[in-house]
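*Asks:* First the structure, which I've put down as structure tokens, then a few questions once you've had a look.
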Amino acid sequence: MRRFFFFALFLFFSFWSFLAFAAEENVTSLIQGAPSFYAEEDKEYLLQRVSEILDEVRQEGISPEPLVLKLGEGLKKKVLPYNLVKTLERKKDSLLLAKKTLQDVDARVANKENLLYNLALVFESSTSPEDLQKVLEEILHKDGKRLESVVDSLAAFVELGFAPDQAGLVIAGVVQKGATPSELKKFTRLLERARREGIDPSRVAAVLSEAVNKYDHLSLVEMEIKNLIASSRQKPNVEAGEGVVISSPGITSSGTPTQEGGTPLEGSNASSGPPTQEGGTPLE
């Protein structure tokens, strides 16, 4: 039995060492193969700093894959070396904070990569990760069974345009009213509908926050969001002549020839906006 234990331990460390070596090889090839935009001293600086950052996350048992992907994205966009390192450090800090938060709440899920990465993305976007961490801990300590649903919903809210801190407070309110995982998903789908209707996320967040504080029943909170979506659809009164436009086919008000259906013809001299400067763009 002891022999099997040591053999399993050997395999574990061998596999982890292989992953670390593969990540280092990938980072080296990415940086060495970076565009000519980067001078040799820039590449040396990146190699040193990126290796240090990867070592920090590995020591906490976190896969460096998200950082390597971010590095590749930054090199492709020709982000300045210092800015790129700052971005990677911020991502590293969010991963470490996410790991600590999950360990404090339930150590059994601290190594679930999807959960860890989703929570890290939220922390990375937050202007006040400490406040958000307190909200999360308050939610999750009350009901650890909803841990994954809460984090998934939080990440979805942020992706839909909510400020992370605001999303945390809204979800805290919903969870305190007894929301089940399926109800949390229902709210996420409602917010997706609101985005498709073109409603400003800050407006949706304000209505949702007010409804959560106002009502005890989640069905009434849900109705408020549905009413917001319905009110955003301004239906023209055809009998009064609203929304009715009569024009010659293929001619716009500006006299520009169009294809059938009003789509501008190819080759029109529409301005495409000012050119952007290549190089040095922030990686956000």
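The values are calculated or read from the model by the stated rules, or taken from the named source; none is laboratory data. What you see is a predicted model; the values in this text were computed from it and never measured. As a convention, Cβ positions derive from the backbone with ideal geometry for all residues, glycine included, and neighbour counts pool all protein chains shown.
*Asks:* Could you figure out which of (1) out of contact with any Ser or Thr (no Cβ under 9 Å at 6 or more places or on another chain); (2) among the hydrophobic types (A, V, I, L, M, F, W, C); (3) part of a loop (DSSP other than H, G, I, E, B); (4) under 22 Å from Q32 (Cα atoms) isn't true of V79?
*Replies:* Exception for V79: condition (1).
*Asks:* Consider A206 against the criteria (1) surrounded by 17 or more Cβ atoms within 10 Å (Cβ to Cβ); (2) at pLDDT below 90; (3) not basic (K, R): it satisfies all of them except one. Which criterion is unmet?
*Replies:* Every listed condition holds for A206 apart from (1).
*Asks:* Inside the stretch 124-147, can you point out the residues that are surrounded by fewer than 16 Cβ atoms within 10 Å (Cβ to Cβ) and assigned to a helix (DSSP H, G or I)?
*Replies:* E130, D131, K134, E137, E138, H141, K142, G144, K145
*Asks:* Shifting gears a bit: With the requirement that a residue be surrounded by fewer than 15 Cβ atoms within 10 Å (Cβ to Cβ) and among the charged types (D, E, K, R), what does the stretch 40-64 give you?
*Replies:* Result: E40, E41, E44, E52, D55, E60.
*Asks:* Restricting the search to the stretch 113-132, which residues are modelled with pLDDT under 85 and more than 12 Å from K91 (Cα to Cα)?
*Replies:* Answer for the stretch 113-132, where residues must be modelled with pLDDT under 85 and more than 12 Å from K91 (Cα to Cα): T127, S128, P129, E130, D131, L132.
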